[in-house]
Amino acid sequence: MADALIPVEDLSEEQAGQELIRLAAAIAHHDALYHGNDQPEISDADYDALKRRNDAIEARFPTLVRSDSPSQRVGAAPAGIFSQITHARPMLSLDNTFSDEDVADFVASVYRFLGVMPDNSIAFTAEPKIDGLSMSIRYENRRLKTAATRGDGTTGENVTANILTIKDIPTELPADAPDVVEVRGEVYMAKSDFLALNAQMEAEGRQTYVNPRNTAAGSLRQLDAKITASRKLKFFAYAWGEMSIMPSDTQSGMVETFKRWGFPVNPLTRRLTSVEEIITHYRKIGLQRADLDYDIDGVVYKVDRLDLQARLGFRSRSPRWATAHKFPAEQAFTKVEAIDIQVGRTGALTPVARLEPITVGGVVVTNATLHNADYIEGIGNGGERIREEGHDIRIGDTVIVQRAGDVIPQVLDVVLEKRPETSAKYEFPKTCPVCGSHAVREKNDKTGKLDSVTRCTGGFVCSAQAKEHIKHFVSRNAFDIEGLGTKQVDFFFDSEDPALMIRTAPDIFTLKQRQEASSLTRLENIDGFGRVSVRKLFDAIDARREIALNRFIFALGIRHVGETTAKLLARSYGSYAAFAEAMQEAAPKFGEAWNELNSIDGIGEVVAASMVEFFKEPRNLEVVSRLLKEVAPLDAEAVTASNSPVAGKTVVFTGSLERFTRDEAKARAESLGAKVAGSVSKKTDYLVAGPGAGSKLDKAREVGVTVMTEDEWLALIGG
Ligand code: IVH
């Protein structure tokens, strides 16, 4: 800070401009320290003073407000260190496969979807799955323009300055490259560089890093690009985003092109056609894994032809044309010290083994899930053995623990020889450990078998369920409220203070008001909050007073309604009012509204029933109505492909289709913004009928729905 600050009213315009530059940089710097879990350099009060000065200067010189001014940041959204970049094409993730059978299934599903006999005519690429961070690097007119992390797949962080320090990544492309190019791939740290860095850290008496992946991530998230430069990050190109011209029509051709443009591409990539070849290559890479100078966690298979990729398209988060074949998980032996029961949002009682800490594949594991009562017992509810020998798991047992990727570690098996003589069978609780209500295993009406999940019947009475519900509500894919993490929700939920407590979701939105009205408990005086973080929290909450309808529906935490279902519902009903009304009307589980709900492709009877039950419960309606006083769910965007002739239309396919498979027809229609329903109703716009169409065709004629052949449909959607 300047030694003596000139009072704002005495600043000349030139001085004001200089000051605003300095303040923008200083505030960004302190934001970065604050968010990067580093030690802040100034007190909250000093930080506030900087912001106030910035605001005061801007108020006096409105024409000098800078685009990077702290006052220009809306709400708390870009609270991170870096600015945000919206990806021109989303960055998706991959489905995982674990066994040879899974791979065969994947290949078969590709043939099935495309309606081709499985005759090895479709080629796949097999590429190592690099364990680093995915990155999208955009070139305009052959110059590196921006680089962004994956983020949530739609928006990532702008790490251009840091990426420019990576020697592997060209800053310019050759003259034959198209005008707009987005190259995607993995930034990683070589194992040898990681070991050298840790040796240096140790020599300096500093904390060492856990693994190359986390270190690479940390190195990229440096505000000071010089630090990134010193970390010797590397890159492999394997995918792309927006391209003004496609330089090739195959995956392998694209990767070849990237190589020609100067990007490193992985030398172990192959183009293969049969499942056998694919598996053989996978095993070969597995054998080389330990000797490679970079971490890989599997092999990615992709359909080579891009026209076939386009036909296969995407599920909600991952392409149908690719899968990641993961390497087997890492295992270790340890002891079960205790078995705790966690109560989830829907009341499920999940047993968790507390373990003697053990390193599995470089990560310290202290807990592992035991799934449910049957899993502990070792015998399934059909009498089948769960582990090889069907042994039960007991406190005191030595067990094999497995960790695969980011999933929760599991207890695989018991080492019976090491079982203490005094051990006793674990008794699964018959009541909820949190609220004391009965815990029951429901019977599945269809199979007549007991459900594997034991559930607390306490509902709203159970504070564990209520608390978990709030955690779900604020989670990333729901309301995504920054600053309200697990720890904070625990704090607010457990608080007895009326100015602080959050017991239901609407309470989140009244917190600020309650704080302002109360002269007693100031949040900023509570350990772990502070003035800046309180303001940020309130900003983050206010930023969500308008929210996408699908997020709103997902956040309600209705059993069986995940993100994909919530999206389907938002798209089908368009507005919250229409959705809620339909749920009320569907309550008797028959009639038009119920049929319509069930006709949404992707929504089955179990999901439909669960939704109707949710909206029957007065307590749910009460919470939702309080919530709606605070929050406005935005109407769902009409449809993505709004210029398509079938956008917003409801179509039903029936009969045997000849030009494409049912799955492909459905995926294609949806990508054009149409809704695909399973049954004909008055709301159906088109019935596409192939040969052999029966009752649906009759119904369509009866209610006057436009009926067309497959060819007519193709002509309508443009071939
Ligand atoms: S393709 C639409 N290829 O794995 C598919 N991903 O689980 C885009 N990854 O986010 C991804 N190596 O970070 C692809 N050869 C490879 C990969 C790879 C590593 C990572 C990537 C992605 C994640 C998906």
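Just so you know, all these numbers are worked out from the coordinates, no wet-lab data involved. Being a predicted model, the structure only gives us computed values, none of them experimental. Cβ placement follows ideal geometry from the backbone for every residue including glycine, while neighbour counts extend to all protein chains displayed.
In the stretch 151-286, what is the volume of the convex hull around the alpha carbon atoms, normalised per residue and reported in Å³?
Values: hull volume 20.0 nm³, N = 136.
Per residue, the Cα convex hull of the stretch 151-286 comes to 147 Å³.
Ordered by packing density, taken as the mean number of other Cβ atoms within 10 Å over each peptide's residues, highest first, how do 5-11, 429-435 rank? Display every interim value, and only then the final one.
Numbers: 5-11: 11.9, 429-435: 16.6.
Packing order, densest peptide first, comes out as 429-435, 5-11.
Please report, largest first and rounded to whole Å, the three semi-axes of the ellipsoid equivalent to the stretch 432-506, where each semi-axis is the square root of five times an eigenvalue of the C-alpha gyration tensor.
Numbers: eigenvalues 173, 51, 14 Å².
In descending order, the three semi-axes are 29, 16, 8 Å.
In square nanometres, what is the average projected area of the Cα convex hull of the stretch 645-719? Don't skip to the end; give the middle numbers.
Details: hull surface 16.8 nm².
Average of the hull's projected areas for the stretch 645-719 equals 4.2 nm².
Could you give the alpha-carbon Rg of the chain over 2.2 N^0.38 Å, rounded to two decimals? Mind dumping the intermediate values first?
Details: Rg = 28.5 Å, N = 719, 2.2 N^0.38 = 26.8 Å.
Against the empirical 2.2 N^0.38 Å value, I get 1.06 for the chain.
Where does each of 496-506, 392-402, 196-206 land if you order them by average Cβ count within 10 Å, highest first? Intermediate values should be presented prior to the final figure.
Numbers: 496-506: 16.8, 392-402: 18.9, 196-206: 11.5.
Result, highest mean first: 392-402, 496-506, 196-206.
Taking just the C-alpha trace of the stretch 568-707, give me its Rg and Dmax in Å.
Rg, Dmax (Cα atoms, Å): 16.5, 52.
Determine, for GLU276, GLU702, the number of other Cβ atoms within 10 Å of each Cβ, and report the residues in order from fewest to most. Could you put the intermediate results ahead of the total?
Values: GLU276 12, GLU702 9.
So the ranking, lowest neighbour count to highest, is GLU702, GLU276.
Once the mean 1/r over all distinct Cα pairs of the stretch 113-183 is inverted, what Kirkwood radius in angstroms do you read off?
For the stretch 113-183, inverting the mean 1/r across all distinct Cα pairs yields 14.8 Å.
Compute the distance in nm between two label points, each set 7 Å from the Cα along the Cα-to-Cβ direction, one at SER274 and one at SER679.
Output for this residue pair reads 4.7 nm.
Taking neighbour counts of Cβ atoms within 10 Å as a proxy for exposure, in what order, fewest first, do MET189, MET246 appear?
Working: MET189 28, MET246 12.
With the sparsest Cβ surroundings first, the list reads MET246, MET189.
So in the chain, what percent of DSSP beta bridges are antiparallel if you round to the nearest 5? Can you show the working numbers first?
Numbers: 75 of 91 bridges.
Roughly 80 percent of the beta bridges in the chain run antiparallel, per DSSP.
Could the peptides 588-595, 220-227 be put in order, highest first, of the mean number of other beta-carbon atoms found within 10 Å of their residues? List each step's numbers first, then the result.
Working: 588-595: 13.8, 220-227: 17.0.
Final packing ranking: 220-227, 588-595.
Find, to one decimal place in angstroms, the Kirkwood hydrodynamic radius of the stretch 224-270, where the mean of 1/r is taken over every pair of different Cα atoms and then inverted.
Details: mean 1/r = 0.0806 Å⁻¹.
This gives a value of 12.4 Å.
In terms of the ratio Rg/(2.2 N^0.38 Å) built on C-alpha atoms, what value belongs to the stretch 258-364? Don't jump to the answer; show the numbers that get you there.
Values: Rg = 20.2 Å, N = 107, 2.2 N^0.38 = 13.0 Å.
The value comes to 1.55.
Rounded to the nearest 20 Debye, what is the dipole magnitude of the chain about its Cα centre when Lys and Arg each give +1 and Asp and Glu each give -1 at the C-beta? Could the numbers behind the result be given before it?
Values: 88 positive and 103 negative charges, 154 e Å.
Using Cβ point charges on Lys, Arg, Asp and Glu, the chain gives about 740 debye.
Quick one: which of LYS259/LYS302; LYS567/LYS683; LYS467/LYS589; LYS226/LYS302; LYS284/LYS335; LYS467/LYS616 span more than 26 angstrom between C-alpha atoms?
Numbers: LYS259/LYS302 18 Å; LYS567/LYS683 19 Å; LYS467/LYS589 30 Å; LYS226/LYS302 37 Å; LYS284/LYS335 34 Å; LYS467/LYS616 22 Å.
Pairs exceeding the cut-off: LYS467/LYS589; LYS226/LYS302; LYS284/LYS335.
Equivalent ellipsoid semi-axes for the stretch 543-589, as square roots of 5 times the alpha carbon gyration tensor eigenvalues: give them largest first, rounded to whole Å. Display every interim value, and only then the final one.
Working: eigenvalues 65, 32, 19 Å².
So the three semi-axes of the stretch 543-589 are 18, 13, 10 Å.
What value does the stretch 395-477 have for Rg/Rh, both radii from Cα atoms and Rh as Kirkwood defines it?
On the way: Rg = 17.4 Å, Rh = 16.3 Å.
Radius of gyration relative to Kirkwood radius: 1.06.
Under 14 Å from a point 7 Å along the Cα-to-Cβ line of ASP68: which residues of the stretch 152-170 have their amide N that close?
The answer is 158-162, whose backbone nitrogens lie closer than 14 Å to the label point.
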